[in-house]
Every structure is written in structure tokens, then in C-alpha cells.
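What follows is one structure encoded as C-alpha cells, with my remarks underneath.
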Amino acid sequence: MSTPPQGHAPISDELARRYWEAVAVHGDDPATDMCVHCRRSRCPEWAYAVEQLILADLLNFEK
């Protein structure tokens, strides 16, 4: 199981893999700014997966 820093929600490696897969599958098409899989703007599947990865400290947008 992935062990994030204190204050973050730990998730299993399998669940993390599924979230990373959702992020890849539901990514935006730069030409249309819509999900390439479900053709929706602001895809809820992508947003949920990203949120869970951030909460588990497995994804960080800071540079």
C-alpha cells in the first residue's frame, strides 16, 4: 500500500494504478478541450481520479 505523508489518505497500489489509468484514458484533447474518451468538457472521471491521486500525495502540480 502506498504510504503518503501524514494528513493524506493512503490508497492501495491497485487503486492508484486504476486512477492513473483513468487520468490517461480521460485526458483532454488540446484541440477541443474535451475528454478524448467521453467527449465531455471537465470530465468527472478524470477530475475524480486526479483528486484522489492528489489526496494520496501521488500527484503534485506544484513546480
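If you check Asp33, Asp57, which single one turns out to be of a type in the set (Asp, Glu), modelled with pLDDT of 90 or more and surrounded by 14 or more Cβ atoms within 10 Å (Cβ to Cβ)?
The match here is Asp57.
Can you tell me how many residues in segment 17-63 are in contact (Cβ under 8 Å) with a residue 12 or more places away in the chain and in a strand (DSSP E or B)?
Total satisfying the criteria: 1.
The values are calculated or read from the model by the stated rules, or taken from the named source; none is laboratory data. Please read these numbers as outputs of a predicted model, since none were measured by experiment. Please note: Cβ atoms are built from the backbone with ideal geometry, for glycine as well, and neighbour counts cover all protein chains shown.
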